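Structure first, commentary second.
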Amino acid sequence: MGRFIVIGERIHCISPVIKKAMEEKDPEPILKRAKEQLDAGATYLDVNIGPAEKTGVELMKWAVQLLQENFDNVPLCLDTANRKAIEAGISVYNRSKGKPIVNSADAGDRIENIDLAAANDAIAIALCAKAGIPSDNDERMMYCQEMLERGMSLGMEAEDLWFDPLFLVIKGMQDKQMDVLEFIKQLSDMGFNSTGGLSNVSNMTPKHIRPILDSTTVAMAMYNGLTSAIANPCDARLMETIKSADIIKGNSLYADSFLEL
Amino acid sequence: MAFKRVPQKFTASVNEVTIGTGDKAIVLGGENVMPLYSFDAPITNRVKIGVEITDSGYDKTVPGIAAFYAGAETIGEIAKRASEMPGGDFVVLTLEGADPNGANKPIDECVAIAKEVADAIDVPLAIQGCKNIEKDAEMFNKLAEALQGKNILLISARTEDYKQIAAGAVMAYGQKISAESAVDINLAKQLNVLISQMGVAADSYVMNVGSAAAGYGFEYVASTLDRVRGAALSQNDAMLQMPIVTPVADDAWAVKESVVSEEDFPEWGPRENRGVQMEVSTAAACLAGGSNAVILRHPASVKTISELIADLT
């Protein structure tokens, strides 16, 4: 098994600094966040430009080129509801360090993002949901199969569909947590890759609690076979947990300095 | 259904490290397939063989070795002869006489010997120390300075002395070093991490992950080699992607099979044949495990292993 893949989530237009930088095409704040995340151990960087209905095409091209030129063709996860913007981003994307990831498809309105990924030899994050939160794992698995069939029929390799179980907030949906973990196990047993927005679990909890809940969740999810997460790599506790879990799973060979790698 | 062969090549590859200069320089590593799996993807840099001599010359008690070097008197002449051994790619000078518990030759004398060797040959040079930590650390830095520009390989840096050797030999004088660990995969990785954290570039060091003569705990060596190459290729572990250089001769010629006389063990046959067999079987096993170069002594071993390599790549 390969090492766990962290998709750094911090280039996100919900952040006022990043939103402003994207509006003004100001490279500095974006490059700063990218560097922080890569130094902290991110493999992929998520680039969330929001809905960006009018400016998306141009903005995504600009962001992809900016990040790849400055960080040795860092692999990117293109995150927007604007499909044309994702296509535009892929058109200027250099794949020498990894395929682009389309973030994201689901079994509902966004299923065509699987077509987009298939047409562009990209990876698709495939959210196992249709409208709202699935009621149980049978429903999640049904959506998973729908997306799998669609991808395969379009010539995708199963390994390029990274299924997202949809991490749920603990504060409010505490009783669903074990279901999500069990679903990750099911995905893993079938040999599928998986990912998801990890920090959902700790939403609305006190700031000092979040790293603890995120780390514990990722350790339990990795035990069940989670292969990737969209997460904050600048959270030291989280990264230590992921690196340790990679050692225990044998994904990475132990050396005394493993936390520094 | 017809068998469909899927080449097992990896996106990760072993680092390339160049030893020597000019036309005769050699490149170790570079492959992105399992050891000798040239059917999965081309292996650009075939495995190399180092021919070992020592500061006192060669082993005159082994007839085949003595015959090969016959007439060569000075260390320079011996080195020149070694550089011409059919199948060999580089010369390895082992400064065993530097050992404080042995001949304890002064460092200046060892440096003079190394210079004479380097001047006599046009193939790349690797130098093995005497295994005494203090002496080697000081001697390697003097050797690195005296042979600046020759791009030599110094064997080896260990956890106890890697700092001095990496800072001096590599960073000050631009030579290459080998990171040595004793059949301990975690330590092998850790030593590579520590050397890399000093700022030594990935193309400036190789590793010796330990060895043993076949039959003398070699199964531990085999599993270490397997795991090192597995992690380097399938897990893309950058801290285990250094080429592996394995000194084989030292172990192979020191075990009972290669040492006891025919008079004492008549049923075992001539000592020389046994030594060559130990050297050949150990070297072949190392190559199968992923060594990018082996160090040998006997012309018959060098010939056999070079033919094996040629046939398999």
Exercise. Looking at A:A158, is it surrounded by fewer than 18 Cβ atoms within 10 Å (Cβ to Cβ), over 24 Å from A:V64 (Cα atoms) and touching a residue at least 12 places away in the same chain (Cβ under 8 Å)?
Worked result: yes
Seminar exercise, completed: Note on the range A:213-242: residues touching a Leu at 6+ places or on another chain (Cβ under 9 Å) and surrounded by fewer than 20 Cβ atoms within 10 Å (Cβ to Cβ) are A:M220, A:Y223, A:N224, A:E240
Exercise. Of the residues A:A40, A:A52, which is under 19 Å from the mean Cα position of the chain (by Cα) and among the small types (G, A, S)?
Worked result: A:A40
For this session: Kindly indicate which of B:N151, B:N141 is away from chain A (no Cβ under 14 Å), touching a Gly at 6+ places or on another chain (Cβ under 7 Å), touching a residue at least 60 places away in the same chain (Cβ under 8 Å) and of a type in the set (S, T, N, Q).
Result: B:N151
Seminar exercise, completed: Counting only residues that are closer than 21 Å to B:A66 by Cβ, of a type outside the set (A, V, I, L, M, F, W, C) and either crowded, with 24+ Cβ neighbours inside 10 Å or in contact (Cβ under 8 Å) with a residue 24 or more places away in the chain (or both), the range B:272-305 contains a total of 9
Exercise. Given (1) aliphatic (A, V, I, L, M); (2) in contact (Cβ under 8 Å) with a residue 60 or more places away in the chain; (3) in contact with a Gly (Cβ under 6 Å, 6 or more places away or on another chain), where does A:I7 come up short, assuming only one miss?
Worked result: (3)
Exercise. From B:S258, B:S204, B:S211, which residue is touching a helix residue (DSSP H, G or I) at 6+ places or on another chain (Cβ under 9 Å), of a type in the set (S, T, Y) and at pLDDT below 95?
Worked result: B:S211
For this session: Using the structure shown, decide if A:G50 is touching a strand residue (DSSP E or B) at 6+ places or on another chain (Cβ under 9 Å), over 19 Å from A:A231 (Cβ atoms), of a type outside the set (A, V, I, L, M, F, W, C) and modelled with pLDDT under 95.
Result: yes
Exercise. Being surrounded by fewer than 16 Cβ atoms within 10 Å (Cβ to Cβ) and within 30 Å of A:K130 (Cα to Cα), is that true of even one residue in the range A:73-84?
Worked result: yes
Exercise. Given the structure, is B:L233 buried (at least 17 other Cβ atoms within 10 Å of the Cβ), closer than 30 Å to B:T11 by Cβ and under 17 Å from the mean Cα position of the chain (by Cα)?
Worked result: no
Exercise. Scanning for something aromatic (F, W, Y), at pLDDT 95 or above and surrounded by fewer than 17 Cβ atoms within 10 Å (Cβ to Cβ), does the range A:179-193 turn up at least one residue?
Worked result: no
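The values are calculated or read from the model by the stated rules, or taken from the named source; none is laboratory data. Bear in mind that the values here come from a model prediction, so they are computed numbers and not experimental data. Methodologically, a virtual Cβ is constructed for each residue, glycine included, from the backbone with ideal geometry; neighbour enumeration extends over all protein chains shown.
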